[in-house]
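The next block holds one structure in the form of structure tokens; read it before the comments.
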Amino acid sequence: MIRRIIAISLITLPLFLFGQTSGKLSGQVTDADGNPLAGANVVIEGTSLGGASDQDGAFVILDVPVGTYTVRCDYIGYSALKVSNIAVSSGLTSLQDFGLEKSAIEGQVVEVRAEKPIINKNSTNTTRIIDTETIKNLPLRGVESIVALQTGTVSDDGNIYVRGSRAGDVAYYVDGVYMNNAYTLDNTSTVSNSAMQEVQFQSGGFSAEYGNINGGIVNTSTKVGGSSLDLSGEFVSGLGTAGSGTDDGLYSNGYSLYNVSLGGPLPISNKISYFINFEGRSTEDSNPTKHPFYAMDQTEITWTLDSVGVGTADAYNGLYLNGNLVGNWANLETTGASFSTSLGTVATDSISGYDVINVSNFWNTATSEYLNASDTTDYRITGYSNDHYEYGSKPNSGSDRTTLTGNLLFDLGSIRLKVGGLFNQASGRSYNQSYSLLNNENNPRWENNTLSMYANMAYAISDKSYIKINASSFNYQNEYGDNTWWNKYNNYGDVTANSYLRSAGKNPIPIYDFAYYSSLGSVYDDYAYNETSYIGLKSDYVNQMGDHEIRAGFDYRSNTIKYYRLAQPMEIAEAYSKSD
């Protein structure tokens, strides 16, 4: 199914779909007696951004990228004042006043460090800001885990619920790009902690700038390159024993994570800076638990017919050897002593010590019929024993993920251009309770791919107004199905391709003795593919008129949604077999 959605809006209020990626810095410049100083120069160091104070000593600097800065204020006849650690947050106004002292010595500079305000007085709604230093010190990974620490949220299975709303009511943005899957409204973004400059969480009272939400807003801003080269890396590995075991000890779940970040100015020009981050993560169990899981040893028994053995195959009743029923297709159980007696004449492996012995019928691809008893490849005899608990990683339930984040910033005075994007690729296996005991080798497989790109251009018309143009694209793909056949759904129920099947489109019958856990060789009977994408174009005009900010804008967005699912692909083969 393909559905296209086009939304166009011309507005004079901030009714934009894309989240903001910049803030504003304002304040007042005064002398030691509190008198305003008109014409003082206020500059954000390391950028081309700045402004001058008016007759009341007030100044404002618009469209400041999210980050922490050092701001310098100069006025003739006064000592320059340099204030560091000034944080600018997305969509908010940061306040910083400058009190200058007279100085007879030209060039004298006073340096101070700004304190982080406990409450941002310019925030008109419930907004929580988690900066890069806080993120660095948190023992958590991922934006969902970070947001889950905030009041008003509940976390469950990786989803965030805000004040009773549904998980799809929370909007996720990365560098202003909307990252929700338009079909399911799930979050598709994955950003490395090392690449996060700030995570802003709004749990209510947000303006009309953000659409399609009722619960909350999570706005992640990534880092940009600074004025000097910066290289950093990280490696994390789980403590304990890999894999699983019978001891209730410490297991690592095979967890490992590494990332590398590089940023700074390009050698060809200090007006161009870059930042890039790569992260890889691997785990043996995507959803680990301290609780044990059931496990059982299974062994294929090697066998051959002796010279006096007589074998016949009955596709309806089961397998007979030496005149005794040893495999009943109705429940795939053995029949007790008769089986042991018969099996003892044909098995080359010892059959003692097994709790249950099971016979599975095979499809004979050579003769296109069930069970040729003279051919030992037509069916399998399996012994099961040692029913026990295990701790640690559940088998065939791991995942791997790679994430790439990067951007280029061109600071050309009155024109600033930023281009960047995010790529995330993940794949793994899903734990299936009914498969866990005997058939975990066939746990279903899934794959996710996310790619978002953007280009922002801001042109400063004056120190009190600017125009910004934003172009963006987004693509998300999700696919899941049987680990062996994947998107070859014609093979799902084909007995020539799946010799464990008892007939076309029919999985092996669960074994009664094992509480009907799925039998070895069962095919995961489901396949789905989902792809959502959009392209967007937005233009904003901003004018600061005294204490008021006037905005106007244009926003275009085109969505494409594709969804395809075969809920029971094995029925294709079954239907073909009945049509013959």
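Every number in this text was worked out from the coordinates using simple rules, so none of it is lab data. Worth saying up front: this structure is predicted, and the values here are computed from it rather than measured. Glycine gets a Cβ as well: all are built from the backbone with ideal geometry, and neighbour counts include every protein chain shown.
Net charge near Asn41: determine it from the other residues with C-beta under 14 Å of the C-beta of Asn41, scoring Lys and Arg +1 and Asp and Glu -1.
-2
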- Note on the structure: Taking only the Cα positions of region 127-222, the convex hull volume per residue in Å³ is 89 Å³
- Message: Distance cut-off 18 Å, Cα to Cα: go down the list Lys24/Lys102; Lys82/Lys223; Lys538/Lys562; Lys82/Lys116; Lys223/Lys418 and report the pairs above it.
- Response: Lys24/Lys102; Lys82/Lys223; Lys538/Lys562
- Query: What trypsin sites (Lys or Arg not before Pro) in region 54-150 are in a loop by DSSP, with at most 10 other Cβ atoms within 10 Å of the Cβ?
  - Reply: Lys121
- For peptides 434-442, 392-400, 188-196, 159-167, sequence by mean Cβ density within 10 Å, most packed first: 188-196, 392-400, 434-442, 159-167
- Item | Net charge of Cβ neighbours under 15 Å - reference Arg551; Lys, Arg +1; Asp, Glu -1 | -2
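Summing +1 for each Lys or Arg and -1 for each Asp or Glu, what net charge is found among the other residues whose Cβ lies under 13 Å from the Cβ of Leu417?
In short, +2.
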- Message: Which log10 I(q)/I(0) values does region 71-126 give at q = 0.22, 0.26 Å⁻¹ under the Debye formula, counting every alpha carbon as one identical point scatterer?
- Response: -0.84, -1.02
- Modelled label-to-label distance, Leu537 and Ser465, 7 Å Cα→beta-carbon offset: nm? 2.3 nm
- Task: With a cut-off of at most 14 other beta carbons within 10 Å, and DSSP calling the residue loop, which GluC sites (Glu not before Pro) in region 77-182 qualify? Please list them.
- Result: Glu101, Glu106, Glu115
- Neighbour cut-off at most 12 other Cβ (10 Å), DSSP loop, chymotrypsin sites (Phe, Trp or Tyr not before Pro), region 481-523: Tyr516
- Query: Given Cα pairs under 8 Å that are at least 6 residues apart, what percent is the relative contact order of region 127-222?
  - Reply: 34 percent
- Message: Can you tell me, using C-alpha contacts under 8 Å and at least 6 residues apart, the relative contact order of region 19-113 as a whole percent?
- Response: 34 percent
- Any chance you could check the Cα centroid distance between region 200-227 and region 59-111 for me, in angstrom? 27 Å
